[in-house]
Amino acid sequence: ISDTALILAAVVATAYIRLGLHPWPIVVADMLPKALLITLVSQLCLYYSDLYDDPHVGGSRAELLIRILQALGITLLILAGVYTMFPALTVARGVLAWAAPLAAAGVIAWRLAFAWAARQVGPRERLLLVGTSGAGLTLAHELQNRDEIGVQIVGFVDADSRLARSATSLPFLGTIDDIPSLVRARSIDRVVVSLADARGKLPMGKLLEMKLDGVSFDHLTSVYEEYTGKIAVENLRPSWLIFSPGFRKTRRLLFVKRLFDIAGAGIGLVLTAPIIVL
């Protein structure tokens, strides 16, 4: 949402500066659809440049700059093709040339400021990881590296303390028996269990006793989906699919989804009609 607002504001501000002498209501009526088109193409390019999915981009300024500039370059190429096919959509001379660097600077500055603010505010939730499976540790590291979601992996516990110490760079805090004391001493909000370790490796009876005593447990796959919006396919188990709440859809949700499906299909047909005819 913030990126969309910044890109749209950059186009509108540039149009206002470049075309300020013209009657502004007429300029708005002419420029707004064109500005929305530029914003839409820009957002698609940012999305497909993994600027909303890759957790390592937020921590690297060089990587962030490179990907945004790449997305901007692809945006300009796509718009050049659109303007060639549909000259009526072309913006006023000079608007795009000035809006592009302004939007890029705004998006980069906003992302850096947001990451800094997230670090200053601190984590919203402190998690304790149970288990040392490779897939589980990969998900834990990704959550740890994403400042914007406000999660802190305090450390991990494992049934076998000898093997666990060398498994990861995360702090090893003890064994399964230490979970209740760690929850109290380190203000743990949730104890997260990797599904890969849950069956046959962890003492489920002991974990159940802790659950009944008030310790909050959750699947790592569910926590990962909750915070990233993605499903870790490599860490899935049939039990997670069976008990996942994602299959429960209300009538309102189904209606809205169908509405978006029809609207998206209609817009797609209108935009691609010339190509389909050819």
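The values are calculated or read from the model by the stated rules, or taken from the named source; none is laboratory data. Since the structure is predicted, the reported quantities are computational estimates derived from the model, not experimental observations. We place every Cβ from the backbone using ideal geometry, glycine too, and count neighbours over all the protein chains shown. When the accessible area is computed, the model is the full protein with side chains, heavy atoms only, and any ligands, DNA or RNA have been set aside. Shrake-Rupley method; radii C 1.70, N 1.55, O 1.52, S 1.80 Å.
Of note:
- Boolean, residue 236 is among the hydrophobic types (A, V, I, L, M, F, W, C), open to solvent by 30 Å² or more (accessible area, probe 1.4 Å) and at pLDDT below 80: yes
- The criterion of at least 2 residues that are over 25 Å from the mean Cα position of the chain (by Cα) and of a type in the set (A, V, I, L, M) is met, among helices (runs of 4 or more DSSP H) falling completely within segment 209-278, by 251-277.
- Test result for residue 27, among the β-branched types (Val, Ile, Thr) and at pLDDT below 80: yes
- Every test in (1) at pLDDT below 80; (2) open to solvent by 60 Å² or more (accessible area, probe 1.4 Å) is passed by residue 110 save one, and that test is (1).
- Only residues that are open to solvent by less than 90 Å² (accessible area, probe 1.4 Å), at pLDDT 90 or above and among the β-branched types (Val, Ile, Thr) were counted in segment 239-263, giving 1.
- Among residues of segment 71-91, those that are open to solvent by 60 Å² or more (accessible area, probe 1.4 Å) and touching a residue at least 24 places away in the same chain (Cβ under 8 Å), counted: 5
- Which numbered condition residue 59 fails, given (1) in a helix (DSSP H, G or I); (2) at pLDDT below 80; (3) of a type outside the set (Asp, Glu): (1)
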